[in-house]
Structure formats: structure tokens, C-alpha cells
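One structure is given below, encoded as C-alpha cells.
Please treat every number below as a calculation from the coordinates, not as lab data. If you're wondering where the values come from, they're calculated on a predicted model, not measured in any experiment. Quick reminder, even Gly has a Cβ in these numbers, built from the backbone with ideal geometry, and neighbours come from all protein chains shown.
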Amino acid sequence: MVLANKGTLENLITDYPTWILATLWKSPKSKTVITQYIKSPRYFSSNLDQEIYSALLTIGDKESKVAPIVLHRLIKKNDITMQTITARIEDFKESNTIGILSLKSVLLEFTEQLIAEKITDELEHTKVKLKTKTDVYTTIDTLVEKIKTIRDYTSSTELVDKDSQAERYLANLRKRMNKEIETIPFFTPNLNRATGVIEGSDLIYVGARPSMGKTQFGVVAARYYAKILNIPTLFLALEMPDTQILMRLTTAATGYSFRDLKAGCINEYEFSKVEEYIQDEFKKIPLYIEDRVNVKLAEIANKISHYKHYYKAKIIIIDYVQLIRPDNPKQNKSDYLEEISQKLKIFAREFDVIIIGMLQLNREVTAVGRSDPKPKLSDLRGSGSFEQDADTVMFLHRPAYYGKTSENGIDLTNITEVIVAKDRGGVELTNQTVRLLFDKRTMLYTDYDEEIDRQQLNDIYESNRLKGVL
């Protein structure tokens, strides 16, 4: 349980004392977030839960799942026995909890909903009282005071500490100067120059129409980060099964045709080389592939949380974003895509990961009388807030697909153009085009250099593959 939709919120409200206390008991570090929203033990209706909450706040950050005897010593109440505390902890063990990385967003939604529920209850109670001969003004005053109480112990009242904010900023800048903050390049030098380095909390969209190679672009990026840079990477395949993603990885590693692998047209020797790749590379590098269908945002968050916690995942690649299902099937497409994009940005920040989301652009864009088929930012306007939420937006374009096979003497047959349409951190080539050469045999991308002919490029590919660079 990570993010709360309406149904989830109702479940949380029904048993909020248990999951809040269970989260705090299992992860003492969560108290920093919890106390921003739950300002008082009065949040809990039972005396036992109030005392446990107060006791847990005194526990050190590293003392998770403290024993009942420890809580009993901290509480020091004659009417609260060891047996009672032990029974309550059993409830915590069985309860769903919220991962610390998602806790803030859940509590924000939850407390707002809970406040609304509590105020509604008070209004209903007041409505009943007003039907009797009670004093109207006294009843209203009582209602106002109760609403103030609800607000005070469920909302954060802390103001920004500018001194602390300034110190954190300067410390962050110093870390950047000392190269202590991890920044990550793209998988070719020219792409890297076009976008600048990327870092945790960045949201990057790679948009393309069908048949432009966006899935393979994601696969090549994933293998580069996991194999070359040794960065734990999660590839969420929403469009195709994991076997096809593995085939694409195998093609890049061995040079065997993707079509031959898919058709099973390989001999025993070639199979042994594929097996060798799986054993010697795929099983050893920190690349994790999850294929999912009909996935919702809550499951995306769960997956990111799981791989971040257990495998230290730093990069999440989603192929492709529009296949994430809305929580509300009646929601119109524009609204749910906007919600998906906003939540992905929240996930990137809260989990401190880089999210690279593939976007499917509509083929019909080229049928509206536009002479230049190259995609541009306006093509995203019907898809919610992708442009607004992203740190970087890139588009993939294959000129040859639209019949343009040469330009100024340059053979464009195997060229994929990466159009950097938006970048908050770019330095040189923002809003310009980077040409990549796509090798159909290895299904790899590399920077295109006009000074190198095709044979030289093939030699470079083979040399790099044998050296283990590709």
C-alpha cells in the first residue's frame, strides 16, 4: 500500500490508528514525516494508542520493531498491561504499512480526507442538536471550537526556516563542487552534451510515433546504465513481455538477429552463446525487468519502492507511460494522463530516482497538413501535463520512414534523430537535433559522425562488442 485512491483512503480511515502506529513501529525514521501531519496523540481515540504513539516518538531512528517490554517501560501506566501492549503489537505485525518514501504524499491525501470526515461527523451531530431546543449560538460556538481542534492536531503548522534552507543549499552546492552528488550521463557523448547530466528526481520523457524505436532506445539506455555504469536500473515493460526485452538485450550483446531469436532460428552454438550472455552478463548486472499489463499508479509506486529499498534502484524506465491505467475508468483521457504525469514527477522526487518514460505519439499528427513530420512539443498538448512536468523532453524521428533517405549528401537510411525539445539543464544543444546511427544487426545506437563511413562504423561496433563495451 503506497498511494491512496478513494477506495484506499476509505480503508485507511477505517483503521488509521493501526497503520500509522505500525508504520512508526516498523520504521522509526518515519516519525519525521508523521509528526508533520499528526501533531498530537489526541489524533487517536483510545488511551492505549495515544500512549503507544507518545512512546514510539521517543524511540531512536535505528530501533525498529521494539519489544513490548520496552514500550511497557516507556509508558509507565498501571492500567496498560504488558499483555495489552503485546496484543496491540501483533496487530502492527499483520497491518499494511506505508513505505517511508511515499509516506508524505499518503499522509497529505489521508489527513485531508480524514479532516473532511471528522468535520462531516461534527456537522451531522450539530444538525441533530439543532433540531432540539438547545441554544443555537452555543451549539455553533461548540462546533467552531471542535473544527479548530481538528485542524490543529491534523495539519502541519511549521513555517520555513530560512537559515536551515540556506545552509542546506550551500551544503548541496559544496557537494556538487566536490563531485559528491551522483550525476549520470546519457549513453552517447552527443546526447550528453545536448541535455547535460541527469540526477535523482529528474523526469525525462522520450516521445515517438510507432516504429520509431522508442522501446529499443529504452533497452539500450537500460543496458548502458546497468552494465557500463553499474547503476541499478528497473525496466517496467508495459507493452511487451519480458522475453522480448531479453531478446533485444541479447541482440545487443551477441549481434544475433532479433528476428532470428524471435523465430527460434538459431543453431546450438548460437544458443550456447545466448546462454553464456544470460549467465555471464544478464544475471550479474543490476538490471531488473518487470512486465506488467493493466497496471495502475499504485502498483508503479509499489514497484519503485520495492526496487529502491531492496536493490537501490536509481533509474526507472517505463515503456510506455500511456499504458498505465487510470484509477477511475470513467475519467477522461486528458485528465488521467495529467494525473499520471504529475504522480510520476512526485515519485521521482520522493523516491529520489530518475524516471525515463516512453511516450507514444499519435500517427495522425502527420495527417493534419503539416509538411514537416518531425514531432514537436505541441504534439503533447492533448496528453495532459507531460511538457510541464518533465525536466527533459526528447523525440525520436526516423527521416527514412517518411521517405527522406538523404540530406546534403548524408545517407539517412539508418539515422534516428533525437530532438531535444525541452531541457532544464541543457548547456549546448537544447532544442536541437542529435543524430544517432541505428545498427539493425546489434540494435544499438551510437553517435553519428559524418567523417566516419559505414564500414568504419561496423568495425567500431565489432571492436567494442568484443571488448565488452557494447
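Using the basic label-point model (7 angstrom from Cα toward the beta carbon), what is the residue 432 to residue 199 distance in nanometres?
Inter-label distance under the simple model: 2.4 nm.
A 24 angstrom limit on the alpha carbon distance is what I want to check against. Which of 283/308; 308/345; 333/440; 175/312; 62/227 exceed it?
Beyond 24 Å: 333/440; 62/227.
To make sure I understand the rule: partners must be lysines, Cα under 22 Å from the Cα of residue 118, and not fewer than 8 residues away in the same chain. Which ones qualify?
6, 39, 104, 127, 129, 131, 146, 148
Could you list 181, 316 so that the one with the fewest beta carbons within 10 Å of its beta carbon is first and the one with the most is last?
181, 316
Under 8 Å for C-alpha pairs, at least 6 residues apart: give me the relative contact order for the range 258-384, rounded to a whole percent.
Relative contact order comes out at 26 percent.
Using a 10 Å cut-off around each Cβ, can you sort 197, 293, 420 from fewest to most neighbouring Cβ atoms?
293, 197, 420
At what distance in nm do the modelled label points of residue 292 and residue 230 sit from each other, each positioned 7 Å from its Cα along Cα→Cβ?
2.9
Quote to one decimal, in nm, the extra length available between residue 378 and residue 73 on full extension: 0.36 nm per residue of separation minus the C-alpha distance between them.
Using 0.36 nm per residue and subtracting the Cα-Cα distance, I get 103.5 nm.
So how do 23, 86, 126, 120 line up by other beta-carbon neighbours within 10 Å, fewest first?
120, 86, 126, 23
Please report the relative contact order for the range 211-301, taking Cα pairs under 8 Å with a sequence separation of at least 6, and give it as a percent rounded to a whole number.
RCO, the range 211-301: 43 percent.
List the relative contact order of the range 189-467 as a percent without decimals, with contacts defined as Cα pairs under 8 Å and 6+ residues apart.
Answer for the range 189-467 is 29 percent.
Treating cross-link reach as a plain straight distance, find the lysines whose alpha-carbon is under 19 Å from the alpha-carbon of residue 376, omitting any fewer than eight places away in the same chain.
Cα-Cα hits under 19 Å: 214, 404, 422.
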